[in-house]
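The values are calculated or read from the model by the stated rules, or taken from the named source; none is laboratory data. It should be emphasised that the depicted structure is a prediction, and the values quoted were computed from it without experimental measurement. Quick reminder, even Gly has a Cβ in these numbers, built from the backbone with ideal geometry, and neighbours come from all protein chains shown.
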Amino acid sequence: MPESIMQSCLIRFLRDPQHSAAKLSPGEWQMLIRQARRSNLLSRMTHLVETYDLLSFVPEHLQPHLYSAQLVSSSNLRSVKWEVLQIYTALSEADIPFALLKGAAYVMSERDAFQGRLFGDIDILVRDEQLKEAEKALIKHGWFCTKIDPYDQKYYRTWMHELPPLKHLKRQTDLDVHHTILPPTAAAKPDINKIWEQVIEVKDYPGMYVLSLQDMILHSATHLFHEGDFEQGLRDVVDLDALLREYSLENGRAWAGLLTRAETLQLSRSLYYGLRYARMLLKTPVPEALTREIATQAEPFGFSRYLMDKMLLKAMMPSCIGQRTHLLGLARFILFIRSHYLRMPMRLLIPHLLRKALRQEK
Amino acid sequence: MLLSSIPPRKLKQQLAEEGINLKIGPFVVNLSSTLPKVAENLSDLYGAYTLEDSHRVDFHIALQSPSIIRRWIRPQAIFSFDGYLPFKPLPQTQSFAMFEWGLNWCVANNAHQYLVIHSAVVEKNGKAVIFPGTPGSGKSTLCAGLVSQGWRLLSDEMALLSTETGLITPIPRPISLKNESIDIVRSFANDDIFVGKPVHDTAKGSVAHMRAPMSSVARSDEAAVPAAIVFPKYRKDGSIELLPLSKGRTFLELAENSFNYHILGSTAFSALTAMLDQCECFRLSYHNLDDAYATLGNLIDA
């Protein structure tokens with residue numbers, strides 16, 4: 001019987017690094033490192049070990065793994081900063097304001113969530129009416145379109161909230177350019193103008209913005225529950241947890257603003273789930289009154305919540321050897337379908353998935 | 001305890017269940033597999049390696065069939081590192097080569113306490129010689145030739161340059177010989193050198209593994225001082241040529257041949273320059289192993 005995610009070394013450590021570190025056996029440290037690596041959280045774990053000065057608890061022969069993870073994360077950080085600078089050069093030359101989203105935004109606004117985080121693609125937001133111009137400016141600076149298949153082109157441009165993914169010719173880095181935070185086909189339709197109203201300019205970079213902390217939290221919650229990639233699910237919860245903790249530091253117990261904002265942007269359901277799993281998994285300190293309030297506003301009915309709990313917690317379990325089960329595969333598959341369903345109505349979704357499936361066979 | 005001390009049937013069973021914990025250079029690798037080739041090749045090539053406690057493991061590796069169908073029809077093998085699958089499946093005949101390639105991948109991506117340089121490393125009289133090499137340069141052939149005549153094998157595939165001590169950490173493993181070099185080494189080597197049966201039609205052509213000498217494996221914990229960098233180039237004909245190479249040029253080529261230079265950043269720069277300060281650098285063109293053996297012997301004795 002594979003252990004449940006709640007008892008996993010990784011969750012125990014992330015919840016309370018100081019107390020758990022003192023209690024972990026050498027075998028558990030090894031398991032912790034494996035689970036953290038599998039969930040893309042090894043450098044975050046290393047960051048926590050360093051912050052709380054826990055290295056003396058780590059068995060000596062495992063320490064090089066943490067040291068390595070730290071080097072990976074600092075080189076990753078260097079390249080993200082460099083990449084952001086290149087994007088900034090391309091877009092500011094064409095006078096196109098843009099907002100960084102997710103990881104790159106945490107870095108440039110120095111949110112705690114960036115510490116030890118690994119970054120893949122960079123995501124940016126530009127205004128819908130400037131999308132074409134932005135694409136031109138980026139292509140001029142060496143980015144190119146990776147999906148040249150006409151169906152993919154149409155899929156991204158018509159149904160999704162972004163340009164087809166761009167890649168830089170020389171550096172091979174990926175860039176996603178969005179014009180809204182959810183696809184226009186999704187049921188929830190957050191008003192992007194309201195998000196632009198509250199963006200914050202990055203110091204020393206006129207024209208480059210990040211979302212307000214509130215919107216960052218909502219976007220992070222949305223991302224977790226609208227994306228199909230649940231192997232990264234736990235990493236997303238860790239992001240959300242870090243953002244919420246910062247929010248709590250900045251606002252004390254005055255969380256009502258977050259709730260109102262979620263309602264304004266039609267993202268209450270995402271926030272509900274985000275808070276639910278952040279609290280459940282990482283014991284994120286969220287005021288009791290807030291969770292009660294959001295539950296009355298946006299709690300899904302019993303059975304669907306029950307299913308979500310079952311599947312999500314299963315899908316997020318870091319699957320090392322021997323723990324990969326058919327149930328896990330099924331849970332991830334259902335969540336993948338669900339994420340697509342949330343983004344597109346059935347009449348679009350079914351032909352899309354069919355086409356994808358047939359193309360894979362070829 | 002040595003791997004060779006486990007009876008074949010027990011080895012098979014242990015591989016299928018909790019796996020075995022092999023000490024390979026500075027790492028402990030937990031390998032589990034139900035594929036018949038793996039157990040067989042392990043006994044042939046890893047008999048002299050020690051087994052370790054399970055809590056010391058660095059990399060958990062499994063080699064399995066991707067599905068039940070693939071066990072019988074055009075059998076395939078899949079490599080997984082802690083449940084992560086970095087490669088596409090390969091025909092099962094190549095499962096052991098896949099273990100070797102996969103382990104290279106694990107080290108190159110996870111052991112940044114070293115600058116990992118794509119090269120063979122051998123040692124004589126306490127002096128390590130590094131042969132960086134692009135595929136086809138003949139570094140493995142040269143390495144196998146020297147090792148078969150008593151040089152110590154540190155690695156056929158990667159120099160682990162410790163960024164802390166500046167020494168090369170040994171990771172002696174079977175030497176992978178490709179295509180014509182299989183016969184070249186067989187005819188050059190002494191009789192006590194074991195070269196396994198070649199596997200044909202891999203991405204690299206035919207591949208056969210030569211067992212690492214027992215004495216090299218026994219000295220796995222003994223780091224070596226780098227003394228020379230030699231870029232080999234195998235030629236079909238012509239005489240042997242050993243030409244000095246500038247340190248600047250060598251630096252650039254080594255940086256390019258490193259798997260993790262970009263991750264180590266300035267640490268890699270310092271480690272490489274410190275190493276080059278104490279090394280002589282050359283380009284070597286050779287077309288037979290006897291000449292190369294003599295020339296490199298002289299270089300070390302000088």
Single residue of region A:71-102 satisfying the filter (more than 16 Å from A:D174 (Cβ to Cβ) and free of Cβ contacts under 8 Å to residues at least 12 places away in the same chain) that is surrounded by the most Cβ atoms within 10 Å (Cβ to Cβ): A:L71
Enumeration of residues in region A:103-141 that are surrounded by fewer than 21 Cβ atoms within 10 Å (Cβ to Cβ) and of a type in the set (S, T, Y): A:S109
Pairs, first at the interface with another protein chain (Cβ under 10 Å from one of its Cβ atoms) and basic (K, R) in region B:254-266, second surrounded by fewer than 22 Cβ atoms within 10 Å (Cβ to Cβ) and assigned to a helix (DSSP H, G or I), C-beta under 6 Å, six or more apart: none
Residue match in region B:20-29 (condition: more than 14 Å from chain A (Cβ to nearest Cβ), of a type outside the set (V, I, T) and buried (at least 17 other Cβ atoms within 10 Å of the Cβ)): yes
Count of residues meeting criterion [touching a Lys or Arg at 6+ places or on another chain (Cβ under 7 Å) and not hydrophobic (A, V, I, L, M, F, W, C)] in region B:221-232: 1
A:R34, sole failed condition from (1) over 27 Å from A:K283 (Cα atoms); (2) surrounded by 22 or more Cβ atoms within 10 Å (Cβ to Cβ); (3) within 12 Å of chain B (Cβ to nearest Cβ): (1)
Subset of region B:106-127 (residues that are away from every other protein chain (no Cβ under 14 Å) and surrounded by fewer than 23 Cβ atoms within 10 Å (Cβ to Cβ)): B:H118, B:K124, B:N125, B:G126, B:K127
Within region B:143-178, tally of residues that are assigned to a loop (DSSP other than H, G, I, E, B), within 15 Å of B:I24 (Cα to Cα) and aliphatic (A, V, I, L, M): 1
Criterion (outside the structural domain of B:E222 (by TED's automatic domain parsing), within 20 Å of B:I171 (Cβ to Cβ) and basic (K, R)) met by exactly one of B:R56, B:R74, B:R9: B:R56
Single unsatisfied condition, A:R253 versus (1) in contact (Cβ under 8 Å) with a residue 12 or more places away in the chain; (2) of a type outside the set (G, A, S); (3) part of a helix (DSSP H, G or I): (3)
Residues being at pLDDT below 85 and in contact with a helix residue (DSSP H, G or I) (Cβ under 6 Å, 6 or more places away or on another chain) - total across region A:224-271: 7
Search result, residues across region B:273-301 that are within 20 Å of B:V225 (Cα to Cα) and of a type in the set (G, A, S): B:A274, B:G297
For B:T163: the one exception among (1) away from chain A (no Cβ under 14 Å); (2) buried (at least 18 other Cβ atoms within 10 Å of the Cβ); (3) not charged (D, E, K, R): (1)
Conditions (1) touching a Gly at 6+ places or on another chain (Cβ under 6 Å); (2) away from chain B (no Cβ under 14 Å): number failed by A:S73: (2)
Hey, B:A62 more than 13 Å from the chain's Cα centre (by Cα) and more than 12 Å from every other protein chain (Cβ to nearest Cβ) or not: no
Residue in region A:7-27 that is surrounded by fewer than 19 Cβ atoms within 10 Å (Cβ to Cβ), facing another protein chain (nearest Cβ under 10 Å) and in contact (Cβ under 8 Å) with a residue 12 or more places away in the chain present: yes
Selected residue [exposed (fewer than 14 other Cβ atoms within 10 Å of the Cβ), modelled with pLDDT of 95 or more and either more than 20 Å from the chain's Cα centre (by Cα) or more than 14 Å from every other protein chain (Cβ to nearest Cβ) (or both)] from B:D192, B:D277: B:D277
Every residue from region A:47-70 that is within 23 Å of A:D16 (Cβ to Cβ), crowded, with 19+ Cβ neighbours inside 10 Å and facing chain B (nearest Cβ under 8 Å): A:H65
Check on A:R44, surrounded by 16 or more Cβ atoms within 10 Å (Cβ to Cβ), out of contact with any Phe, Trp or Tyr (no Cβ under 8 Å at 6 or more places or on another chain) and away from chain B (no Cβ under 14 Å): yes
Restricting region B:50-92 to residues that are modelled with pLDDT of 90 or more and polar (S, T, N, Q), the residue that is farthest from B:A218 (Cα to Cα): B:S80
Breaking point among (1) over 16 Å from the mean Cα position of the chain (by Cα); (2) crowded, with 19+ Cβ neighbours inside 10 Å; (3) not in a helix (DSSP H, G or I); (4) not basic (K, R), for A:F144: (2)
Qualifying residue in region B:7-16 (condition: polar (S, T, N, Q), buried (at least 20 other Cβ atoms within 10 Å of the Cβ) and over 22 Å from the mean Cα position of the chain (by Cα)): no
Filtered residues of region B:30-59 (kept if at the interface with chain A (Cβ under 10 Å from one of its Cβ atoms) and not acidic (D, E)): B:N30, B:S32, B:S54, B:H55, B:R56, B:V57, B:F59
Strands (runs of 3 or more DSSP E) within region B:184-271 that include 1 or more residues closer than 30 Å to A:R78 by Cβ and not aliphatic (A, V, I, L, M): B:225-234
Residue pairs meeting the criteria (Cβ under 7 Å; at least 6 apart or on separate chains; first in contact (Cβ under 8 Å) with a residue 40 or more places away in the chain and more than 23 Å from B:M214 (Cβ to Cβ), in region B:47-64; second of a type in the set (G, A, S) and outside any helix (DSSP H, G or I)): B:A62/B:S32; B:A62/B:S33; B:A62/B:S80
Residues of region B:32-59 that turn out to be closer than 21 Å to A:P59 by Cβ and over 17 Å from the mean Cα position of the chain (by Cα), as a count: 9
